[in-house]
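To start, the structure under review is shown below, and the notes come after it.
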Amino acid sequence: MHKDVERILVGEEELDSIVTRLAAEIDRDYAGEDKRLVLVCILKGSIVFMGDLMKKLTVPCEIDCMKVSSYGAGTTSTGSINIHLDLVRQDLDSCDIVIVEDIIDSGNTLSYLVDYLRLKGAKSVRTCTLLDKPSRRKVEFVPDYRGKEIPDEFVVGYGLDYAEKYRDLPYVGVLSPSVYAE
Ligand code: PRP
């Protein structure tokens, strides 16, 4: 275990079984000729989850990426989001999008993105998150696919960072408070 991690919250085996279950749920819902599944990875935290999830799908999928950030993250409930990297495609009206997130906290990012992609003309939009912290919600938001509900603790690993570190850990761990108190 990394020295800055206090304890492992979701280990490698549990992550694998969560991702397997989520892929099976998506497989079930997106089978059929009339569906065109497009997974949209929200950079950067979702990279690892997205890679594992797409490998486990049996339905065909396309992938795309967006990068966004919250204005005044953690302090406002406006839901205002800054889009740094948008989708560049003219065929949204034929895309059944599943937005792939590593974690939902306030709910601002996903509630904004769902509305944004629907307004841009996507055929359908659903959401899939690996982790969910419902105790931190500022806007009501329920994902369509949810890996695991977790308590309000500072987690890193499997894509999630603190100051851009720890994304490469193969598990989700609770960061030692001494690291961010420094
Ligand atoms: C995190 C996470 C979500 C968002 C969730 O991204 O990946 O995108 O915050 O928070 P919310 O529910 O309060 O909107 P972050 O801004 O840390 O960027 P990163 O993925 O590049 O680390």
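Considering only protein heavy atoms and a 1.4 Å probe, what is the carbon-and-sulfur percentage of the accessible area of the chain?
Working: 4580 of 9090 Å².
C and S atoms contribute 50 percent here.
Hey, can you find the accessible area per residue of segment 12-150 for me, probe 1.4 Å, expressed in square angstrom?
49
Using amide H atoms built in the peptide plane, which far-off residues or other-chain residues are under 5 Å from SER46 H to H?
Distant-sequence amide H within range of SER46: ASP102.
With a point put 7 Å past each Cα toward its Cβ, work out how far LYS165 is from ARG36 in nm, to one decimal.
4.5
For the chain, what does the helix formula give at 222 nm: sum of -39500 (n - 2.57) over DSSP H segments with n ≥ 4, over the residue count, nearest 500 deg cm²/dmol?
-8000 deg cm²/dmol
Using the per-residue mean of other Cβ atoms lying within 10 Å as a proxy for protection, in what order, highest first, do the peptides 157-163, 174-180 fall?
Averaged packing, sorted descending, gives the order 157-163, 174-180.
The values are calculated or read from the model by the stated rules, or taken from the named source; none is laboratory data. For clarity, every value in this text was computed on a predicted model and none was experimentally measured. Here the Cβ is made from the backbone with ideal geometry for all residues, glycine too, and neighbour counts use every protein chain on show. These accessible areas exclude ligands, DNA and RNA; they are computed on the full protein's heavy atoms, side chains included. Shrake-Rupley method; radii C 1.70, N 1.55, O 1.52, S 1.80 Å.
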